[in-house]
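Heads up, the thing below is written out as structure tokens.
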Amino acid sequence: MKILVAGAGKVGRAVTRELTEEGHDITLIDMNRKVLEDVMSKYDVITLAGNGAAMTTLKEAGIEDIDVFIAATNADEVNLLSCVTAKALNPKIHTIARIRDPEYVEQAYSMQNVFEMSLVVNPERSAANEIARLLKYPGFLKREAFAKAKVEIVELRIGHHSQLANVQLSKLSQKTRCQVLVCAVIRDGRSIMPDGSFVMKEGDRIFVTGAPDQLHDMLTHIGVINMPVSHAVIMGGGRISYYLAEELHKSHITSTIIEMDEEKCRQLSAALPYATIINADISDRSVLESEDIRDYDAVISLTGMDELNIVTSMYAHAHNVPQIVTKLGRGDESELLDSMPIGSIVCPKDLCTMHIVRYVRAMQAKKGAAKTIHRIADGYAEAIEFEVDEDTLHIGEELRTMKTKKDVLIVSIIHGSTPEIPNGSSSYQKGDTVVVVTSKDNMILQLNDIFES
């Protein structure tokens, strides 16, 4: 497909990289020529220096022949105008806008048709929702939900005293007394899709799928006990912090926000009357000491500086804070950070990018498209949710008789509201939901794409 991206910031560049790798023809617009030159040196794209909201620029980019327009500039107003203009020039085009400002978000969603937007994405709100889920059900580094949260894939690190160390996967159910499945492992920076003979070791990061209640029971049976979060401190007062404080309030979790900008503190205090706002500089260690962060159940580092977030989270770990979440703006240094005690990592850019990629894939597949896509195992694998329809192959057949592509694993089948960890005798029927884990190298647009032709 022909895709036009306006804005070469973090999201624009990430979307360009992902969609280029998937074989789409990308044109990238930005006002900064140096940024465009840098993108051209890395990816096979066409670039155009100009204003993505200007009719002349869009016409020069060939908007009449574009299938998808993605407005990802740093200004919400420009993104809104860009979509309206693109739709006026090409009524058949699909438009996607990044909207970040809390003042505009609800308006953008409720007036999506008026603004001619096919999809609205908000990286900060997505990140806040992700963090809120982690705090609501602590114990995992990451949680990805499928089939309306009937099934999850969670990430765990096997520590020094973990009961999972040296356990063979074929004996996992005996150890955990739960129906769960390890679908991927990160070991020494490498991604592995293990079989039953695989033996887990200290330091492994494992990705486990199962029903939420089974996953929580697993934690109990392996001796991991985490108390629910009741009071969290948020470092930094940006947009994510605002959205997160709202979500935590809904879950009856008390929040404290520490922000060095006095004007931001006033705005947050007015917008979040139920949160405690502290005007202080968290880069000053005496601030952390005076606030005594060990008294909190969770520390969430959300400043605009990755380095400061990492240091703050490491300080929280040194003071035995039970739950730690670290925001990374870049999100592409997982191998370097793998050994650092910074808790769960959340990258707004990646969340937003995968939302857009899922929409574009759905346009390609049209029928039988993925309902949910999550990147796991540091981006080396994807977990994809599909609904079985009348065109799906092998309905009613046992899984052991199916020939799937290399590095493809069916990890869950949801029959109505009942999830199943499948075995060789399992099968799916029309209307069931199937969750598949596959290497990123496999291009899976529909469920039938997992089978050998």
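Read-outs throughout are calculated quantities, based only on the coordinates presented, and are distinct from any laboratory measurement. Just so it is clear, the model here is predicted, and its values are computed rather than measured. Using ideal geometry, Cβ is built from the backbone for each residue, glycine included, and neighbour counts are taken over all protein chains shown.
For segment 2-121, just list the percent of Cα-Cα distances falling in each 5 Å bin from zero outward, please.
Distribution as computed: 2, 13, 25, 25, 20, 11, 4, 1 percent.
Suppose each label sits 7 Å from its Cα in the direction of the beta carbon; what would the SER110-ARG285 distance come out to in nanometres?
It works out to 4.9 nm between the two label points.
Compute the distance from the alpha-carbon center of segment 156-194 to that of segment 326-392, in whole Å.
So the two Cα centres are separated by 22 Å.
With N set to the residue count of segment 136-240, report its C-alpha Rg divided by 2.2 N^0.38 Å to two decimal places. Kindly include the intermediate steps, with their values, before the conclusion.
Values: Rg = 14.8 Å, N = 105, 2.2 N^0.38 = 12.9 Å.
It is 1.14.
Rounded to the nearest 5, what % of DSSP beta bridges with both residues in the chain are antiparallel? Walk me through the numbers on the way to the answer.
On the way: 43 of 83 bridges.
Antiparallel bridges make up about 50 percent of those DSSP assigns within the chain.
Reachable lysines from LYS201, Cα under 16 Å, same-chain residues fewer than 8 places away excluded?
Answer for LYS201, where 16 Å is the Cα cut-off: LYS171, LYS175, listed by chain and number.
Students often get this wrong, so check it: of LYS34/LYS440; LYS327/LYS440; LYS10/LYS142, which have C-alpha atoms separated by over 27 Å?
Numbers: LYS34/LYS440 31 Å; LYS327/LYS440 24 Å; LYS10/LYS142 22 Å.
Where the Cα-Cα span goes over 27 Å, the pairs concerned are LYS34/LYS440.
Can you give the Rg to Rh ratio of segment 357-450, both from alpha-carbon atoms, with Rh computed by the Kirkwood formula?
Numbers: Rg = 12.5 Å, Rh = 13.4 Å.
With Rg and the Kirkwood Rh in hand, the quotient comes to 0.93.
Mind checking which of HIS161, ALA280, ILE240 is farthest towards the positive end of the chain's charge dipole, using Cβ charges of +1 (Lys, Arg) and -1 (Asp, Glu) about the Cα centre?
With unit charges placed on the Cβ atoms, the residue in question is HIS161.
Taking all pairs of distinct Cα atoms, average 1/r, flip it, and tell me the Kirkwood hydrodynamic radius of the chain in Å to one decimal place. Before the final figure, lay out the partial values.
Numbers: mean 1/r = 0.0428 Å⁻¹.
Taking every pair of different Cα atoms in the chain, averaging 1/r and inverting gives 23.4 Å.
Give the residue from GLY7, ILE99, LEU81 lying farthest towards the positive end of the charge dipole for segment 1-111; charges sit on Cβ (+1 for Lys and Arg, -1 for Asp and Glu) and the dipole is referred to the Cα centre.
Checking the options against the dipole of segment 1-111, the answer is GLY7.
³J(HN,Hα) across segment 78-84 via Karplus (A = 6.51, B = -1.76, C = 1.60, θ = phi - 60°), whole Hz, x for Gly/Pro?
Taking θ as phi minus 60°, the curve returns 5, 5, 4, 5, 4, 5, 4 Hz for segment 78-84.
Starting from 0.36 nm per residue, how many nanometres of slack lie between ASN320 and GLU398 once their C-alpha separation is accounted for? Numbers along the way, then the final one.
On the way: separation 78, 0.36 × 78 = 28.08 nm, distance 4.81 nm.
Between ASN320 and GLU398, full extension yields 23.3 nm more.
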